[in-house]
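The structure under discussion appears below in the form of structure tokens.
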Amino acid sequence: MSRASTGTSSPLGQVLAYAALVFALTAPLWLMSSKMRPLAPGLPAAAVAVVCPALAAWVFAQATYGSVGVAAWWKHARLELPARGHWLLFLASTLPIGVMLISMIWQRGETASHTRALAPITLFAFVPAFLIGAWLEEAGWSALAAETLLPARAVVSTALVIGAIWALWHLIPLTQVGHSPTWIAWWIVGTVAMRVTLVWLYARSDHHALAPTLFHASDNLCWQGQISLGAAFDPRMHSVLMIGIAIILVAVNGRAGTACGMSRFK
């Protein structure tokens, strides 16, 4: 892609071009992972594609704006404490725990789980991997895609665009681990709602990727922990709770922190 063509396109056009690059980088990994065993219960081998959003963001910023663009992207992507709103980091880390606990109470009341689970010690060993994986995704979806759209769109509108792309990116891995269409449909609803929260956290934390990274990593750890504690992950309850969280946060302040953007990359 040339700097001339991408530099003058609309924010939505830039995000779609970025998404196309993510999909192109991911496609070979999807093909290879189709013949591999899952990395963990419910976690397909295609999860190694978490490197693609960050890699695509670096390539896109370099191709579009050059080294100045890469430096500006890195300013938002690096895990730096925001100048204000440190309470958001606590909120981002703990909200998924509440979702897990409510889901477990509901799930245990409905049916016993016989899902194969990770041992607790093994689950703790996954913590660094979940943190790194979440950052690799948010370095792209938040620090590049959300940063591009937020100057022109509200938090919810930005999140719906990115959330739809994000959900589509997961479809092949979800089918590889054998989930039903109904399960996937509910998961998509929860994923798009979760992206609303992730964009809200990004906007409220001075456009730094740390808060959404913590929420993303905590959510991934919690659904694995839920399985380890004997309750299968149910996308229906997860979706309902994620929608509730998103509605509350947007009602509190749905447009905070939207006046930045990729115009800084030029």
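The values are calculated or read from the model by the stated rules, or taken from the named source; none is laboratory data. Note that the structure is a prediction, hence the values are computed from the model and not measured. Reconstructed Cβ throughout: ideal geometry from the backbone, glycine too, with neighbour counts over all protein chains shown.
Just to be sure before I move on: is Val192 β-branched (Val, Ile, Thr), touching a residue at least 40 places away in the same chain (Cβ under 8 Å), out of contact with any strand residue (DSSP E or B) (no Cβ under 9 Å at 6 or more places or on another chain) and surrounded by fewer than 24 Cβ atoms within 10 Å (Cβ to Cβ) in the structure I sent? Before the answer, list the steps.
Numbers: β-branched (Val, Ile, Thr): yes; touching a residue at least 40 places away in the same chain (Cβ under 8 Å): no; out of contact with any strand residue (DSSP E or B) (no Cβ under 9 Å at 6 or more places or on another chain): yes; surrounded by fewer than 24 Cβ atoms within 10 Å (Cβ to Cβ): yes.
Taking the combined requirement at face value, the residue does not satisfy it.
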Checklist entry - Restricting the first residue to the stretch 68-88 and requiring it to be at positive phi, which pairs with a second residue that is hydroxyl-bearing (Ser, Thr, Tyr) meet a Cβ separation below 8 Å and a spacing of at least six or different chains? => result Gly85/Ser205
Next on the checklist: Checking Trp166 against (1) without any contact (Cβ under 8 Å) to a residue 60 or more places away in the chain; (2) more than 12 Å from Val15 (Cα to Cα): exactly one of these is not met. Which one?
Outcome noted: (2)
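Report yes if some residue within the stretch 115-129 is assigned to a helix (DSSP H, G or I), at pLDDT 95 or above and surrounded by fewer than 22 Cβ atoms within 10 Å (Cβ to Cβ); otherwise report no.
No, there is no match, as no residue in the stretch 115-129 is assigned to a helix (DSSP H, G or I), at pLDDT 95 or above and surrounded by fewer than 22 Cβ atoms within 10 Å (Cβ to Cβ).
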Item to check | Considering residues of the stretch 169-189 that are of a type outside the set (A, V, I, L, M, F, W, C) and in contact (Cβ under 8 Å) with a residue 24 or more places away in the chain only, the residue surrounded by the most Cβ atoms within 10 Å (Cβ to Cβ) | outcome: Pro173
